[in-house]
Amino acid sequence: MPKESHTSPTPTDDTTRPGLSRRTLLGSGAAMAGATVTTLVVADPAAATQDESTDLLKSLPSVHDIPRRPRIVDYEIAELIVLLRARRLSSVELTEAYLERIDRFNGPFETYGDNGGYNAFVRIDRAGALAQATAADKLLRKGTAAALCGIPFGIKDSIGVRGLEAKNGTHAYTGNLARRDSTVVAKLRAQGAVIIGHTIASAFSGSIAGTFAGNAWNPRLVPGGSSQGSGVAPIARLAAAAIGEETGGSIIMPAAANGASAIKPSLGLVSTAGVMPLSPGYDVLGPITRSVRDASLVLSAILGPDPAPDPLTLAAPHPFPALPVTARRGRSPLAGVTIGVPQTDWMTRGGTGVPPADTYDPDHRAALERFRTELVRLGATVKDFPGLDVTVPENDPYFRTSDRLPVPVGSPITPATAVLGPNRYEIRYWQAVEAFAESHPENAEALRRQFGDFAANTAIAGTVPTSVRDEGERRRRTLQANYQRALDAAGVDFMLVLPIGARIGPRSGGTQLPNYRTFYQLPNALAWPMVSFPIGYDSTEGLPINAAFWGPRFSEPALVQAAIDYQDRHPTHHRAAPPDPTFTGERARELTPAEQVVPPELSNDPLVAERAWA
């Protein structure tokens, strides 16, 4: 049994060494978020969520309609909600079942590299999880439980969980102990959810391929990143669900690589308070689960205003009343929906000028054609349309432009830098890392190697004139408007793409992602949502093939409803489980921070990816 790295440690007080977070201060001291400490107050879970949960529970199946699964860990969240309330199982039993699988298949904790197992969880809080499960069972017996009460979760390594270090995929952040929960974790706790621990992330949340975790279907292959462990854990049956963080591809890529169902929400829908940031204004949190219905249940629990408050989270009113959690009845639930397949959504194989489907390997192309046919049979109109070719500068004056904007200090900057630089400056991005490095001198070299000259970065970003920042934002809005016009001109409600167009590669010794969407950053640049889910498996090894719906900001209800309607009629794909692996215990040498270099074309950082696209 691997030894836990943390078991409910006592967080340090506010006067000790600084930690890193976003906006609300979570670490042990000064943080990346801002200048004031805000205590997050969460209402009593029974009072805060009972009304919403009552309405939601009415839409779930009855206990008699739930089929028997091979194992407790195979039940979906929607089924577990019903079974827990019917006393068919307890949260303690469920949590113990997941912990037992973590003991068997995860491998040693605190390893940012090959640990000889799945390495989905980088640290767990066994005692804390079982205590939470016990408390959840009491609420369930009282009949006052919220929807997610008793459901075990994994949380990405960049998200604050009280009492645990958040390291964002690298030991360079050792000592970054959260003294309170991030808003999303607090909302899950208010529901009575069980927090197992942290799922592993790419180093500094930098890579969309990932190498630390093993793929749920074949641990020798990449898991997708940067939310690596969050993509692996639900599919490998190490947790019922996980929370991922995305700046550009970091929820969608691990979902696609592992055959998970995930929602990357619109910017502002879910609070990012208490998260170690990469690019504020792009960063979002979202659920990774086995079904889109489950993902919708989780997203429903974590969306909404932030009591902190987080300036990047929408205040009331909500952009939509509720998310769907049930399939529509009838033979044609998608009647009246037009889904467009953008022909200029270029892939890395083939490059500009080659329609995406022409670059797919035979299994992926066959899966797409079958999926299109299935959507049409459900009543949808599915058609090819041009989309927006962002390699044309007139279409994308934000990323794909040679224009540079003047600044008082240093060389002229790109429009994207004019937006993201000041965003990072306002949350004290470099200042907080520098303060952490000063108080943790053993980590300073690795942090300076990653971030460069803290003072110079701060000075440059802090002197970007308001007029230059406004011009960058104007260009970003122009890109958003251009994309919306492309959909409107074609009469398209939302789009269909494959995030990955070929069999994924090995964690070492080969091409990790042979074919994927070149402009995987676009949904985040546009602030638009994306929903990914499995539509088939390849013919050689049974690896999953995922599609994704994406569309205008706050179109989550339409995307989610269409995906739920599909999975209701075609459940085989999302209910498939990988065979339990046999691990030999062999493990590769753990890489040092200096060796964890991410190629620009696989970077989650939009400013690094921008250079790769140029």
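The values are calculated or read from the model by the stated rules, or taken from the named source; none is laboratory data. All of these numbers come straight from a predicted model, not from anything done at the bench. Here the Cβ positions follow ideal geometry from the backbone for every residue, glycine too, while neighbour counts run over all protein chains shown. What goes into the accessible areas is simple: the full protein's heavy atoms, side chains included, and nothing from ligands, DNA or RNA. Shrake-Rupley method; radii C 1.70, N 1.55, O 1.52, S 1.80 Å.
When both residues are 6+ apart or on different chains and their Cβ atoms are under 7 Å apart, which pairs have a first residue that lies in segment 356-377 and is within 30 Å of residue 329 (Cβ to Cβ), and a second that is of a type in the set (Val, Ile, Thr) and open to solvent by less than 40 Å² (accessible area, probe 1.4 Å)?
So the pair list comes out as 367/535; 367/545; 371/535; 372/382; 375/339; 375/382; 376/382.
Mind listing whichever residues of segment 81-103 are under 17 Å from residue 233 (Cα atoms) and touching a residue at least 40 places away in the same chain (Cβ under 8 Å)?
Residues satisfying the conditions are 94, 95, 98, 99, 101, 102, 103.
What single numbered condition from (1) part of a loop (DSSP other than H, G, I, E, B); (2) more than 22 Å from residue 271 (Cα to Cα); (3) under 20 Å from the mean Cα position of the chain (by Cα) fails to hold for residue 161?
Result: residue 161 passes all but (2).
Return the residues of segment 272-319 that are under 17 Å from residue 81 (Cα atoms) and modelled with pLDDT under 95; say none if nothing qualifies.
none
Report yes if residue 267 is within 20 Å of the chain's Cα centre (by Cα) and touching a residue at least 60 places away in the same chain (Cβ under 8 Å), otherwise no.
Values: within 20 Å of the chain's Cα centre (by Cα): yes; touching a residue at least 60 places away in the same chain (Cβ under 8 Å): yes.
So residue 267 fits the description; yes.
For the list (1) surrounded by 18 or more Cβ atoms within 10 Å (Cβ to Cβ); (2) β-branched (Val, Ile, Thr); (3) at pLDDT 95 or above; (4) part of a loop (DSSP other than H, G, I, E, B), I need the number of the one condition that residue 341 fails.
(4)
I need a count of the residues in segment 539-571 that are farther than 28 Å from residue 316 by Cα and touching a Gly at 6+ places or on another chain (Cβ under 7 Å).
The total comes to 3.
Evaluate the following for residue 136: is it within 26 Å of residue 177 (Cα to Cα), open to solvent by less than 10 Å² (accessible area, probe 1.4 Å), of a type outside the set (Lys, Arg) and in a helix (DSSP H, G or I)?
In short, yes.
Could you list, ordered by first residue, the pairs with Cβ atoms under 7 Å in which the first is in segment 402-421 and at negative phi and the second is surrounded by 13 or more Cβ atoms within 10 Å (Cβ to Cβ) and among the basic types (Lys, Arg), at least 6 apart or interchain?
412/404; 413/404; 414/404; 415/475; 418/469; 419/469; 419/476
Suppose we filter segment 357-373 for residues that are touching a strand residue (DSSP E or B) at 6+ places or on another chain (Cβ under 7 Å) and open to solvent by 40 Å² or more (accessible area, probe 1.4 Å); how many remain?
Matching residues across segment 357-373 total 3.
Among the residues of segment 405-455 satisfying the criterion of being among the small types (Gly, Ala, Ser) and part of a loop (DSSP other than H, G, I, E, B), which is surrounded by the fewest Cβ atoms within 10 Å (Cβ to Cβ)?
411
Answer yes or no: is there a residue in segment 36-56 that is at pLDDT 85 or above, surrounded by 15 or more Cβ atoms within 10 Å (Cβ to Cβ) and not in a helix (DSSP H, G or I).
The first filter runs over segment 36-56 and keeps only residues at pLDDT 85 or above, leaving none.
No, every residue in segment 36-56 fails to be at pLDDT 85 or above, surrounded by 15 or more Cβ atoms within 10 Å (Cβ to Cβ) and not in a helix (DSSP H, G or I).
Within the group 382, 392, 376, 354, which residue is surrounded by fewer than 21 Cβ atoms within 10 Å (Cβ to Cβ) and closer than 16 Å to residue 550 by Cβ?
None of the other options fit; the residue is 382.
Sort out for me the helices (runs of 4 or more DSSP H) sitting completely within segment 459-574 that have 3 or more residues that are open to solvent by 10 Å² or more (accessible area, probe 1.4 Å).
The qualifying helices (runs of 4 or more DSSP H) are 466-490, 556-569.
Counting just the residues of segment 171-210 that are crowded, with 24+ Cβ neighbours inside 10 Å and hydroxyl-bearing (Ser, Thr, Tyr), which one comes out farthest from residue 445 (Cα to Cα)?
This residue is 183.
Take the residues in segment 65-85 that are assigned to a loop (DSSP other than H, G, I, E, B) and of a type outside the set (Phe, Trp, Tyr), then tell me which one is surrounded by the most Cβ atoms within 10 Å (Cβ to Cβ). Quick ask: steps written out before the conclusion?
Step one: of segment 65-85, the residues assigned to a loop (DSSP other than H, G, I, E, B) are 66-71, 75-76.
This time we only want the ones that are of a type outside the set (Phe, Trp, Tyr), so: 66-71, 76.
Numbers: 66: 18, 67: 8, 68: 6, 69: 14, 70: 8, 71: 10, 76: 22.
Only one residue fits best here, namely 76.
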